[in-house]
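Beneath this line is the structure, given in structure tokens, with notes to follow.
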Amino acid sequence: MKKILIIYTGGTIGMVRTENGYAPKDGYFRSALEAIPAMQSKEMPDWELHEMSPLLDSSNMTVVEWNKIGKLIKDSYDEYDGFVVLHGTDTMAYTASALSFMLENLGKPVVLTGSQIPLCEVRSDGRDNIITSVLIAASGRVHEVCLYFGGSLLRGNRATKYSADGLIAFVSPNYPALAEAGIEIRYRRSALLPAPEGKLRLQQLESIPIGVIKVFPGIQFSLFEQIMTEKLRGIVIETFGAGNIPGDGNALLPIIRRAFANGTVLTVCSQCPQGAVSLGAYETSSALKQAGAVSGLDITTEAAVAKLYYLFSCGYDKDAVKVLMERDLRGEMTV
């Protein structure tokens, strides 16, 4: 009999109605989970629930919580065959990305899931998401951090939140689903990461100063010059298309050079969910390339942020971080 650890961090799935709107309630979720008949079925693996404290709306998730989840998985790794992390949807893709880098040589499934409608409501999508996630975690088919939602199993560091109110809340724009749950759960073997050879290693993250800038028509890059100090270690810039910035982007050139001299690494991602950055393919992206910016290729912003946290926490200098940001480490990008 397989044994699964369910880690409840908070989020919509376990919230209850209050006079101020939906909010987490300590102790409620265990009874709600036990009230789902399928969770007691003989076809289900053994499972245990760990409720984190305090329970959080996922918008309040930080590096501190990522480290707590990662440490819990590491400390419990030998006792369980898989892990299900119940999480709010707003930052689920960030947490999935962070855990994918933190848990090196992961040989067991870590499945993040949640819901758009709380379990306390009649139409909650949480029941299927929990049940299927537990079955996937017990399948032994997955050796990575992934995200299950609305019938699809996605690689965690390839997922991004797509809808604020739809039941298919996440998509993986640049990588196929790892599995689809219909009458049967059908795995796409060619998309899955192979089982690792080494032992699990946890790299905890430091609260590295990292920023995200979204380019827009008429942006005045000079306004960002003051934040490019030696304290800022990494920046993700969301550009147009394949890495393009407005024609007066040459104003950004000395700023990026100064930032890099201060130890800041600038990674270029695209505002387009699908497709890849190709610096220098157009004249309007040349300034970024000439200044030493890093191409994020087809990585998501969530994964780029998590990867910067991870690489700097590993102790790499800025030159090594630049090289590794363009190298696929956990299946997060297509090289």
Restricting attention to segment 1-56, which residues are farther than 23 Å from ARG123 by Cβ and touching an Asp or Glu at 6+ places or on another chain (Cβ under 6 Å)? MET1, LYS2, LYS3, LEU5
Index of the failed condition, LYS214 passing every other in (1) over 30 Å from ALA251 (Cα atoms); (2) touching a residue at least 24 places away in the same chain (Cβ under 8 Å); (3) touching an Asp or Glu at 6+ places or on another chain (Cβ under 6 Å); (4) open to solvent by 20 Å² or more (accessible area, probe 1.4 Å): (1)
Answer yes if at least one residue in segment 266-288 is of a type in the set (Phe, Trp, Tyr) and out of contact with any strand residue (DSSP E or B) (no Cβ under 8 Å at 6 or more places or on another chain), and no otherwise. no
Determine which single condition GLY166 fails, assuming it passes every other condition in (1) assigned to a loop (DSSP other than H, G, I, E, B); (2) at pLDDT 95 or above; (3) open to solvent by less than 40 Å² (accessible area, probe 1.4 Å); (4) out of contact with any helix residue (DSSP H, G or I) (no Cβ under 7 Å at 6 or more places or on another chain). (2)
Does ILE136 count as out of contact with any helix residue (DSSP H, G or I) (no Cβ under 6 Å at 6 or more places or on another chain), among the hydrophobic types (A, V, I, L, M, F, W, C) and either farther than 23 Å from THR12 by Cβ or open to solvent by less than 10 Å² (accessible area, probe 1.4 Å) (or both)? yes
Checklist (1) open to solvent by 20 Å² or more (accessible area, probe 1.4 Å); (2) within 26 Å of SER207 (Cα to Cα); (3) among the aliphatic types (A, V, I, L, M) applied to VAL268, failing item: (1)
Among the listed residues PRO118, PRO173, which satisfies the condition of being under 22 Å from ASP90 (Cβ atoms) and modelled with pLDDT under 95? PRO118
Residue ranges of strands (runs of 3 or more DSSP E) in segment 1-106 with at least 1 members surrounded by fewer than 16 Cβ atoms within 10 Å (Cβ to Cβ): 3-10, 46-56
Set SER115, SER124: member being in a loop (DSSP other than H, G, I, E, B) and crowded, with 22+ Cβ neighbours inside 10 Å: SER115
Among the residues of segment 1-28, count how many are over 26 Å from the mean Cα position of the chain (by Cα) and small (Gly, Ala, Ser). 2
Looking only at segment 196-211, which residues are over 16 Å from ASP78 (Cβ atoms) and either in contact with an Asp or Glu (Cβ under 6 Å, 6 or more places away or on another chain) or of a type outside the set (Ser, Thr, Tyr) (or both)? GLU197, GLN203, GLN204, LEU205, GLU206, ILE208, PRO209, ILE210, GLY211
Does at least one position in segment 191-206 carry a residue that is over 30 Å from TYR316 (Cα atoms), of a type in the set (A, V, I, L, M, F, W, C) and open to solvent by 40 Å² or more (accessible area, probe 1.4 Å)? no
Quick one: count up the residues across segment 291-334 that are surrounded by fewer than 18 Cβ atoms within 10 Å (Cβ to Cβ) and within 16 Å of ALA242 (Cβ to Cβ). 2
A careful count of residues in segment 140-159 that are open to solvent by 30 Å² or more (accessible area, probe 1.4 Å) and in contact with a Pro (Cβ under 7 Å, 6 or more places away or on another chain) gives 1
Looking across segment 177-212 at residues that are of a type in the set (A, V, I, L, M, F, W, C), part of a strand (DSSP E or B) and out of contact with any helix residue (DSSP H, G or I) (no Cβ under 6 Å at 6 or more places or on another chain), the single one that is nearest to MET61 (Cα to Cα) is VAL212
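The values are calculated or read from the model by the stated rules, or taken from the named source; none is laboratory data. Computed from a predicted structure; not experimentally measured. Heads up, the Cβs are rebuilt from the backbone with ideal geometry, glycines too, and the neighbour counts pull from every protein chain shown. Heads up: the accessible areas ignore ligands, DNA and RNA and are worked out on the full protein's heavy atoms, side chains in. Shrake-Rupley method; radii C 1.70, N 1.55, O 1.52, S 1.80 Å.
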